[in-house]
Structures are given as C-alpha cells and as structure tokens.
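**Q** Below you will find the structure I want to go over with you.
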Amino acid sequence: MSLYFISGIVGLVFGSFANVCILRLPEERSIRVPRSHCPRCKHPLRVIDNIPVLSFLMLKGQCFHCHARISWQYPLIEGLMATLFVFDAWMLGDSIRRMILADGLGFYLLTLSIIDYRHRIIPDELSLSLLVLGLFVSVINPYLNGTPGMKFMESFLAAFGGGLLMLVIAWAGEKVFKKEALGGGDIKLIAGTAAVLGWKGIAGPLMIGSLGGCLVALVLLLLRKKKLGETLPFGPFLSLGAYLTCLFPGLFSYLVNPSFRSLYFP
C-alpha cells in the first residue's frame, strides 16, 4: 500500500483529533469525555457520522438528527492535516523515523497555532505533552546526535536552555516595553520544540519565527489592518520556524555552505 495513501489516512484521523483539541482545550474541557456530539442537539455522533471529511460530504454539512449546519472547520482541518502528512511522506519518506517525528510535530504545531491565533493562548496540554514526548523518544530521535544517552542529554539540556532563554527574553521585553512581551505558552513551546529537535529547535523557531512575525506585522501596518503597538500571536510564527527546521535541519549550515546536501544534514 502506498506510503502516501497511508499517510493521508493517518493525517485525516489526526486532523479529526485536532478539531477536538481546537474546540475543547481553550474552554478547559476534557478531550476524552463526552464523546463527539452535535453542539446544538447534543446527540452523540454515530460512527458513520464521524468519518473525517467523508461524513461531512455524506451529510451535506448537516447534523443527521437536528439538521443544524456543521462548520466547515471540521473537513478543512482534517484535509489540511492529511495534506501535511502526505507532504512529510514526500519530503522525508526515505527516513521513516524522521517522517513520523515530523508528523507528530506537525500535528502539535498546526493545532496549537490555530488555538493561539483564535484565543491568544497555547494550552499546557499541548506544549507540555510535546516536551514530555520529545524527552521520551529522544533516545531514538534521528535529529539528535551521539549515543542514546547523549541524545537524551541533548534533548533535556536543549529543552531546559530553550525555556530559560525564553524566560530571559520575556523578562527583558517586559522591562523595556512595560508590558508582557512573551506569553508562558511561547516559553513552553520553545522548550517542547527543543526537546524534539535539540539546539536547532531553539534557533530555528526564534530566528525564522521572529523574521516571519516582523514581515507580517509590517504588511499589516502598511495595509492599516494593525496599529503600531498592537501585538500578533507569536505561536504560529514559532511553529512555522520549528516545522521548517524539522524539514531542513541543516538550514543554518546551508547559509554557510550553500549545497543541497547541507539543507538536510547539518
């Protein structure tokens, strides 16, 4: 069976779970209970009503019981996650461990980016579980170097160092700007990406995320969609930086030695 087909199916399933997280975590509701149900009539969904994308199409975007409209968010997030997983298979299919790590990281980053964009929060359930997961798989993580013990130490020290660095940046920013410069969720997110990607999980998100955030802020200012002093959620930009670092772990080596190979091998 094609790796792309399997990746797409797994991505749809993870996309369905991402929808649950996006809707429930900001409201501090359990993602386990109650089971999926219609937000209007509260009737639990049948198994056939809960098939990613396909159920939405079969039901014509309506609840089977009360015929209330179903948000387009559900199939869009499911389709986007499936596309992301298929893209990972295309980019990293020659290394299954790298592909699986990219899938897991992509799930976390996409889910928390949408939540941060909507609610200006990054739930601890996502950032801290990413941190724990990164430490747990560190001994077999192809993004880290050395023996299993050395891999774990890099994961742990990078996570600790990344969190500490972000705390210092947050403290300095608050002193300079007289208001909160970084949220606690951003700090924990960097600790989580560092646990998965090592030291690159600090530099990549911060450098690419800061550059992307500045460019978007400048465009919004020029279009008068934002006023000077207004803030943007930083989580989506950090997530973009982390994901690009995952795809191209040798990105910073490439800047020094611009060869095709250095993009993928630091």
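**Q** Rank these for me by crowding, ASP94, ASP49, going from fewest to most other beta carbons within 10 Å.
**A** The order, fewest Cβ neighbours first, is ASP94, ASP49.
**Q** In addition: Taking the mean number of other Cβ atoms within 10 Å as a proxy for protection, how do you rank 156-166, 22-32 from highest to lowest?
**A** The peptides rank, most packed first, as 156-166, 22-32.
**Q** Here is the link list: LYS200/LYS226; LYS200/LYS227; LYS151/LYS188; LYS179/LYS226; LYS151/LYS200. Which ones come out longer than 23 Å on Cα distance?
**A** Violating the 23 Å Cα-Cα cut-off are LYS200/LYS226; LYS200/LYS227.
**Q** Determine the dipole magnitude for region 26-90: charges of +1 sit on the beta-carbon of Lys and Arg, -1 on that of Asp and Glu, nothing else is charged, the reference point is the Cα centre, and the result goes in debye to the nearest 20.
**A** Dipole about the Cα centre, nearest 20: 380 debye.
**Q** Quick one: angle between helix 200-222 and the longest Cα principal axis of the chain, in degrees between 0 and 90, rounded to 10, please.
**A** 70
**Q** I'd like the orientation of helix 184-197 relative to the chain: the angle between its Cα long axis and the longest Cα principal axis, in ° from 0 to 90, rounded to 10.
**A** Long axis of 184-197 versus the principal axis of the chain: about 80 degrees.
**Q** Report, ordered by chain and residue number, the aspartates and glutamates lying within cross-link reach of LYS42, taken as a straight Cα distance under 19 Å and ignoring same-chain residues fewer than 8 apart.
**A** The reachable aspartates and glutamates, counting only those whose Cα sits under 19 Å from LYS42, are GLU27, GLU28.
**Q** Can I ask one more? So what's the chain giving for Rg/Rh, alpha carbon basis, Kirkwood Rh from the mean inverse pair distance?
**A** My calculation of the ratio gives 1.00.
**Q** On C-alpha positions alone, give me the angle between the axis of helix 3-24 and the longest principal axis of the chain, in degrees, nearest 10.
**A** It works out to around 80 degrees.
**Q** Turning to a different aspect of this structure: What residues qualify as long-range amide H neighbours of GLY250, i.e. H under 5 Å apart, gap of 5 or more or another chain, H built at 1.01 Å from N?
**A** It is TYR264, PHE265, by chain and number.
Just so you know, all these numbers are worked out from the coordinates, no wet-lab data involved. If you're wondering where the values come from, they're calculated on a predicted model, not measured in any experiment. We place every Cβ from the backbone using ideal geometry, glycine too, and count neighbours over all the protein chains shown.
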